[in-house]
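Asks: I'd like to ask some things about the structure below.
Just so you know, all these numbers are worked out from the coordinates, no wet-lab data involved. Worth saying up front: this structure is predicted, and the values here are computed from it rather than measured. Note that each Cβ is placed from the backbone with ideal geometry, even for glycine, and that neighbours are counted across all protein chains shown.
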Amino acid sequence: MKYDYIIVGQGIAGTMLAHFLIENKQNILVIDNHHLTASSKVAAGIVNPITGRRYVKSWMFDTLLDFAQKTYQLLGESLNISCFEERNIVRVLFNNKEANDFYARSGEVGYDEYMLEHAEMSEYENILNPVFSLGEVTHSGKVNLGEILVAFRQKLEANNQLLSEQFNFEDLSIYDDGVNYKTIEARNIIFCEGIKGTENPYFKHLPFNGAKGQVLIVRIPNFQPTKIFKHRLFFVPLKEDLFWVGATNENQYTDDLPTEKGRVNLEKKLQKIVKVPYEIISHQAAIRPNIKDRRPLIGRHPLFHRLFIFNGLGTKGSSLAPYFAHHFVMHLLHEEPLMKAVDIERFNGRD
């Protein structure tokens, strides 16, 4: 059998790309070693339209949100799971300046539909230490990344579209009309490796950086809020009385494993936020790919025209992946031009 596309990596990037290629009747094979510390498996899947201390609307968010919601709805129906949960984000405003800036921004055209002047936080009052003020963000939520990756992997396995192993570049042969991986033939290969992309010999010219994030999964008994809470950390409701709490942002690291220093850092912050007992269920870590200009890396290798990359989604992967996977597939199958902001041509030939 000769495949149309081999996809290397089944994080949210590889999963969304596989989804749209299958929807477009392409014969695909995904190669993935079920890497447990991949960033897509550790991330909370937060969709957040308003970010940073200046309360800026995320790039292309109006377009991305609409497409993501429709995609996750249809994907959830096909996999028989819930992919997306709409949840407002309530964030702490630490002083007068932050409060004034938030309320001023909320009155601007294009922001007023995403920001509420008065936050409603009664469900958190009994567990939190007092804060200066609060702001609330709407059209936000949580993508259930873990459930999506597991369910989609099961679908691939059931359809004999998954090779569960570590990809070995020494087993890749490249020809003018296709590629071979061991005895597997394909017309093209697309690398969706996350931070492993830094080890890809064909795309090492791209400006990859990594940031390590550590998180805690905690239990707070008899507490089941509907909203996401942002203090020094994000508090993301999972199921029952479990919460994703994090994350650290470490530019210096030696591996992708949780560290005692990271755990202590998270616990110190957590203890300042909550005033009720909690139980730490697990401590996790992952390294996410960061790109210099904070835009995805999409496109064809400048020399090997059967090799492609779809990577660099970073912290916004949950909202970016559906739109840009579809955008890439339309480019591959119908020659629609890639958006210049994401095309790797912007880096080709640079030092």
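Asks: For Arg54 and Glu123, calculate 0.36 nm times their separation in residues minus their Cα-Cα distance, and state this gained length in nm to one decimal.
Replies: Result: 22.2 nm gained on full extension.
Asks: Using the per-residue mean of other Cβ atoms lying within 10 Å as a proxy for protection, in what order, highest first, do the peptides 315-324, 190-199 fall?
Replies: 315-324, 190-199
Asks: What do you get for Rg/Rh over segment 167-260 if you use C-alpha atoms and the Kirkwood form of Rh?
Replies: That ratio is 1.18, to two decimals.
Asks: Once both labels are modelled 7 Å past Cα along the beta-carbon direction, what's the Glu260-Leu74 spacing in nm?
Replies: 5.1
Asks: What is the spread of the Cα atoms of the chain along each of their three principal axes, largest first, in whole Å?
Replies: Principal extents (largest minus smallest coordinate, Cα): 64, 43, 43 Å.
Asks: Something else about it: I'd like the orientation of helix 61-79 relative to the chain: the angle between its Cα long axis and the longest Cα principal axis, in ° from 0 to 90, rounded to 10.
Replies: 70
Asks: Past the 20 Å Cα-Cα mark, which pairs from Lys57/Lys142; Lys25/Lys340; Lys25/Lys196?
Replies: Beyond 20 Å: Lys25/Lys340; Lys25/Lys196.
Asks: Counting alpha carbon pairs within less than 8 Å and at least 6 residues apart, what relative contact order, in whole percent, applies to the chain?
Replies: Relative CO of the chain lands at 23 percent.
Asks: Can you give the Rg to Rh ratio of segment 16-140, both from alpha-carbon atoms, with Rh computed by the Kirkwood formula?
Replies: 1.07
Asks: On full extension of the chain, what length is gained from Glu279 through Arg219, given 0.36 nm per residue of separation minus the C-alpha to C-alpha distance?
Replies: Full extension of this stretch gives 21.1 nm more.
Asks: What does the convex hull of the Cα atoms come to per residue for segment 227-291, in Å³?
Replies: Taking the convex hull of the Cα positions in segment 227-291, it is 120 Å³ per residue.
Asks: Okay, moving on. Taking every eigenvalue of the Cα gyration tensor of segment 186-312, multiplying by 5 and rooting it, what semi-axes result, largest first, whole Å?
Replies: Each semi-axis is √(5λ); the values are 37, 16, 12 Å.
Asks: If you don't mind, another one. What is the list of residues in segment 40-59 whose amide nitrogen lies under 15 Å from a point 7 angstrom out from the Cα of Ala341, following Cα to Cβ?
Replies: 49-51, 56-59
Asks: In degrees between 0 and 90, to the nearest 10, how far off the longest principal axis of the chain does helix 12-23 point, with axes built from Cα atoms?
Replies: Between helix and principal axis, roughly 50 degrees.
Asks: Calculate how steeply helix 96-106 sits against the longest principal axis of the alpha-carbon atoms of the chain, using the helix alpha-carbon long axis, and give the answer as 0 to 90 degrees to the nearest 10.
Replies: 60
Asks: Highest mean first, what order results for 97-110, 211-224 on Cβ atoms within 10 Å?
Replies: Answer by packing, highest mean first, reads 211-224, 97-110.
Asks: How far, in nm, would the chain grow between Gln271 and Asn24 when pulled straight, counting 0.36 nm per residue and subtracting the alpha carbon separation?
Replies: Gain in length upon complete extension: 84.0 nm.
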